[in-house]
Structures are given as structure tokens and as C-alpha cells.
1. So what's the projected area for the chain, the Cα convex hull averaged over all directions, in nm²?
2. Can you give me the relative contact order of the chain as a percent, contacts being Cα pairs under 8 Å and 6 or more apart?
3. Once phi is turned into ³J(HN,Hα) by the Karplus curve 6.51 cos²θ - 1.76 cosθ + 1.60 with θ = phi - 60°, what whole-Hz value does each residue of region 66-81 show in order, with x for glycine and proline?
4. Mind listing the phi-derived Karplus ³J(HN,Hα) values for region 87-97, rounded to whole Hz, using 6.51, -1.76 and 1.60 with θ = phi - 60°, and x for any glycine or proline?
5. Of the accessible area of the chain, with the probe set at 1.4 angstrom, what percent is carbon plus sulfur?
6. Each residue of region 135-150 in turn: what ³J(HN,Hα) in whole Hz from Karplus with 6.51, -1.76, 1.60 and θ = phi - 60°, glycine and Pro shown as x?
7. Work out how much length Ile70 to Ile82 would gain on full extension: take 0.36 nm times their residue separation and subtract the Cα-Cα distance, in nm to one decimal.
8. If you line up the long axis of helix 2-21 against the longest principal axis of the chain, both from Cα atoms, how many degrees apart are they, to the nearest 10?
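The values are calculated or read from the model by the stated rules, or taken from the named source; none is laboratory data. Since this is a predicted model, take the numbers as computed values, not measurements. Positions of Cβ are generated from backbone atoms using ideal geometry, with glycine treated the same way; all protein chains shown enter the neighbour counts. Only protein heavy atoms, including side chains, enter the accessible area calculation; ligands, DNA and RNA are left aside. Shrake-Rupley method; radii C 1.70, N 1.55, O 1.52, S 1.80 Å.
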Amino acid sequence: MKRSIVLIGIIISFFIATSASAGPTGAETGLPLPRFVSLSSDKVNVRAGPGTRYPIKWVFVRQGWPVEVIEEYELWRQIRDIEGAIGWVHRNLVSNRRTLIITDDVRAVYEEPDESSPVVLLAEPGVVGKLDECDGRWCEIEIAGLSGWLLASHFYGVYANEKIR
């Protein structure tokens with residue numbers, strides 16, 4: 001009997017530890033929070049709350065712009081942009097396709113994940129591209145039809161040490 005209680009306690013502890021380490025997930029989708037997504041339309045109204053009765057705070061006018069989903073409520077997603085601004089958008093206005101924005105300086109995009117490999121292109125701050133995969137340090141990206149590798153710290157749209165396949 002005592003052995004069974006100890007075994008049950010170990011099993012319960014395992015499940016508590018496993019669920020606690022997994023991190024928060026969205027109540028509607030079960031996907032991780034926060035997570036990066038991109039805007040699926042070239043006109044996205046960002047509202048003060050989760051519904052059309054809330055006023056529009058601002059409007060995004062660029063399809064593919066990366067944002068973070070930080071909360072979910074029914075058909076609405078609370079997002080945070082590159083500048084830290086927060087608002088609500090309808091779920092149909094975001095896509096799980098990963099994109100990026102070049103930050104700070106002109107960035108060299110390399111043929112291979114190695115700074116000694118040939119440069120494929122130079123990307124200016126504010127340029128938006130597609131994010132294909134990341135190994136935690138380097139990410140394979142596409143900008144203007146050209147593919148190459150860029151350090152993850154040189155753009156917005158990926159978390160530190162995030163791996164994407």
C-alpha cells in the first residue's frame with residue numbers, strides 16, 4: 001500500500017513538472033504563448049480589445065509583417081509588434097507563416113551559416129523576409145527571392161536559441 005502511494009506521488013510529480021516546463025499555451029488553439037506569426041492581409045485593424053465594438057488603435061498596411069501573439073480570446077488574438085505596441089486582431093488576419101524584419105544595421109546574408117562564406121545579399125533595416133529554418137544561432141531566410149543564412153540576433157521574428165524546422 002505504502003509503495004503504491006509513493007508510486008502515485010512520483011507519477012503525479014512527473015506530470016506536474018512536465019506541464020509546468022511546457023510553458024503557457026493559448027486557450028483557443030493550444031499553441032505556445034507567446035509565438036511569432038505574420039499578418040495575412042495588407043490592411044489589419046488593431047483594436048483596443050477583443051471585438052469589433054472596441055475602437056481601432058492603429059492599422060497595419062503591410063502583409064507579412066511579423067508580430068507576436070501573446071494572448072487568445074475566442075476569435076481574437078492579442079499581438080505585440082516590433083516596437084512593443086499591443087492590441088487585438090481577428091484570428092483570420094494572422095498567419096502561422098514565419099517572417100522577419102531586419103533590425104539596426106545593414107546585415108550581410110551568407111550563402112552558408114558561416115561568416116566566412118560568400119555574401120548573398122546585403123539587407124537594410126526594415127526589410128521584411130521569409131523565415132525558413134533556424135538552428136538556434138543561424139537562420140535560413142529568403143529576401144526578394146534570394147535565400148541565405150543570417151544570425152538570429154540580426155532580425156526581429158525569432159526567439160533567442162529558437163529552433164525551427
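1. 13.0
2. Over the chain, the number comes to 16 percent.
3. For region 66-81, the Karplus-derived couplings read x, 9, 9, 8, 10, 7, 10, 8, 6, 8, 10, 10, 7, 10, 10, 9 Hz, x marking Gly and Pro.
4. x, 10, 9, 5, 4, 6, 9, 10, 10, 6, 5
5. 54
6. Along region 135-150, the couplings run 9, x, 10, 10, 10, 8, 10, 9, 9, 6, x, 9, 10, x, 10, 9 Hz.
7. 3.0 nm
8. 20
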